[in-house]
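The values are calculated or read from the model by the stated rules, or taken from the named source; none is laboratory data. Everything quoted here is computed from the prediction, not taken from an experiment. Cβ placement follows ideal geometry from the backbone for every residue including glycine, while neighbour counts extend to all protein chains displayed. In case anyone asks, the SASA skips ligands and DNA or RNA and just uses the protein heavy atoms, side chains included. Shrake-Rupley method; radii C 1.70, N 1.55, O 1.52, S 1.80 Å.
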Amino acid sequence: MEESSVRDAETASEAGGEDALVGNVNKLVMSPPGCSGAPRKGHLVFDACFESGNLGRVDYISEFEFDLFVRPDTCNPRFRVWFNFTVENVCETQRVIFNVVNFSKTKSLYRDGMAPVVKSTSRPKWQRLPAKNVYYYRCPDHRRNYVMSFAFCFDREDDVYQFAYCYPYTYSRLQHYLASLERRNLPYLQRELLGLSVQQRRLDLLTITNSERGKKLVFLTARVHPGESPASFICQGVIDFLVSQHPVARILRDHVIFKIVPMLNPDGVYLGNYRCSLMGFDLNRHWQDPSPWAHPTLHAVKQLIVQMNQDPRVSLEFYIDVHAHSTMLNGFMYGNVFEEEERVQRQAVFPRLLCQNAADFSFSSTSFNRDVVKAGTGRRFLGGLLDDTSYCYTLEVSFYSYMTAGSTAPVPYTEETYMRLGRNVARTFLDYYKLNSLVQDSVPAHIQREGEEPGCQALLDPRTDRFKLSMFKMWNVIAGGFFTLHCLQKLHISLTLKTFTLSDLSNRRMKSSSRSKITTWFLLG
């Protein structure tokens with residue numbers, strides 16, 4: 001069965017059909033040519049037939065080199081970015097180079113030092129590979145497509161190793177997390193089944209508040225693009241903070257209603273797609289007229305928002321859709337463009353406050369636009385539907401890293417720092433509502449924001465001159481046009497890739513043995 005799978009893949013490649021890949025590899029043994037019988041130790045076994053897995057094909061190049069093909073999104077061959085697969089049956093000290101050869105995007109953070117993440121059965125915490133072990137280049141052997149190659153050394157024979165584009169956050173993980181919240185029986189948390197996906201997976205809606213009468217409402221969604229797993233960590237950070245006993249969270253629950261849809265595309269997440277649903281739709285381009293049978297999750301969320309917008313008792317003030325970005329650093333926001341200058345200024349307040357709360361959020365990368373291609377997004381559609389007192393944003397975060405003020409090198413994101421950004425997003429609502437006099441300032445002054453620079457409280461307190469000056473300057477920034485942060489440091493990647501073990505990565509050290517060097521002359525064609 002494995003030989004026939006390889007043969008079918010080779011036929012597809014000869015027909016120019018890497019886009020024709022329709023399934024994941026399933027315990028695929030990669031034995032050297034001419035080798036028969038049971039696989040021996042060191043004959044790598046690849047697998048992606050698990051939740052959120054993605055690897056469509058493997059080509060044997062040599063005993064230490066393999067070409068890997070990302071499986072396209074289901075029913076849509078255009079998107080090939082997310083990968084998530086396991087490797088087993090390894091030998092201790094076995095060194096390999098994996099080449100991911102069929103990405104659908106050419107611009108990538110791999111050019112700026114991003115690296116895949118790895119874990120193993122005995123070391124279950126995800127870790128990023130060192131950037132110097134990763135090489136991103138245009139390859140003449142693959143129709144001059146961009147290829148990402150990385151070198152690795154397996155160090156434990158009995159371990160199963162897993163590699164992924166970014167930290168996975170699966171549908172099952174979300175369900176376990178939400179179930180654990182329900183078991184706490186929190187009086188201010190309600191979990192509802194808003195609808196079902198095409199494959200009958202749950203579309204969950206969380207409501208967090210002490211009372212739903214006469215309050216401002218904040219609506220947050222995430223994972224409309226299934227491969228953007230950082231969005232789920234941010235969303236969990238928001239939820240964790242809002243249900244906590246932190247003084248800021250208590251005040252917010254007293255004054256604001258939070259409604260959160262943590263996974264808008266559960267089928268796409270489960271299937272290991274990057275951008276599309278089961279049926280190949282980019283759901284974030286169908287807000288204008290979602291189909292109840294083709295886009296049932298989007299249809300259910302839109303119906304709820306339209307219903308709330310028509311209810312005079314509901315004041316829907318914020319809609320934020322959380323995403324991850326594959327070419328930029330830091331967190332940042334997209335907003336809409338309006339004719340009224342006063343509304344433009346008001347819309348810039350929340351990103352400005354978030355920038356002061358979160359060291360990894362970039363106000364300079366935040367922009368407001370009305371691109372035609374974005375007309376079907378949640379931000380654009382709801383920005384036109386809701387009244388002029390509502391604010392609609394897309395919150396983006398880098399798949400890779402962030403730069404802080406005064407830093408000279410990017411800081412790679414971890415699962416925890418993604419969640420920290422989510423907690424800081426939640427905190428920022430208090431600053432916003434304090435500014436608008438909805439909430440009285442009753443938070444102890446000594447409570448400092450996570451990632452906040454000492455002394456920046458003055459920028460957040462509307463009573464101080466520093467804050468007033470900051471707000472005064474805001475319109476000058478907007479009128480002058482937002483500028484792009486030009487401090488993305490290009491990391492040098494040598495032509496010699498050093499392999500390493502997962503133990504080396506855990507200990508934050510690299511082996512210096514000359515045997516750990518594999519020259520990559522073949523990469524240069």
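Table for the structure above
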| item | result |
| --- | --- |
| Inter-part distance where the range 187-202 and the range 161-182 are each reduced to a Cα centre, Å | 16 |
| Å² per residue, accessible surface of the range 205-245 at 1.4 Å | 22 |
| ARG250/THR106 FRET efficiency (R0 41 Å; Cβ-Cβ; nearest 0.05) | 0.30 |
| In sequence order, calculated HN-Hα J values of the range 221-237 (Karplus, 6.51, -1.76, 1.60; Hz; x Gly/Pro) | 10, 8, 6, 5, 9, x, x, 8, 4, x, 4, 5, 5, 4, 4, 5, x |
| Cleavage-rule hits, trypsin sites (Lys or Arg not before Pro), the range 259-346, DSSP coil, Cβ neighbours within 10 Å at most 12 | ARG313 |
| With every protein chain in place, the range 22-77: carbon and sulfur % of accessible area (1.4 Å) | 55 |
| Per residue accessible area in Å² of the range 28-164, where ligands, DNA and RNA are left out and the probe is 1.4 Å | 36 |
| Nonlocal amide H pairs with VAL322, under 5 Å, H built at 1.01 Å | THR221, ALA222, ARG223, LEU395 |
| Peptide ranges 86-92, 162-168 listed from the most packed, as the mean C-beta count within 10 angstrom indicates | 162-168, 86-92 |
| Cα gyration tensor shape of the range 171-436, rounded if a/c is under 1.5, else prolate or oblate by comparing a/b with b/c | rounded |
| The range 266-271 - phi-based ³J(HN,Hα) in whole Hz, Karplus 6.51/-1.76/1.60, Gly and Pro as x | x, 5, x, 5, 4, 7 |
| Euclidean distance between Cα centres, the range 275-307 to the range 340-409, Å | 23 |
| Cα→Cβ-extended label distance, 7 Å offset, between TRP126 and ARG144, nm | 3.5 |
| Nonlocal amide H pairs with ASP155, under 5 Å, H built at 1.01 Å | THR93, LEU502 |
| Long-range HN-HN contacts of SER401 with modeled amide H, under 5 Å | ASN330, TYR413 |
| Pairs of Lys in the range 171-436 closer than 25 Å at Cα, counting only those 8 or more apart or on different chains | 10 |
| Global form of the range 321-374, assessed from the alpha-carbon gyration tensor, a/c cut-off 1.5 | oblate |
| Loop GluC sites (Glu not before Pro), the range 255-351 (other Cβ atoms within 10 Å of the site Cβ: 12 or fewer; DSSP) | GLU339, GLU340 |
| Prolate/oblate/rounded label for the range 209-322 (Cα gyration tensor, a/c 1.5) | oblate |
| Table column - 3J(HN,Hα) (Hz), the range 243-252, Karplus curve with 6.51, -1.76, 1.60, x for Gly and Pro | 8, 7, 9, 4, x, 5, 4, 4, 5, 4 |
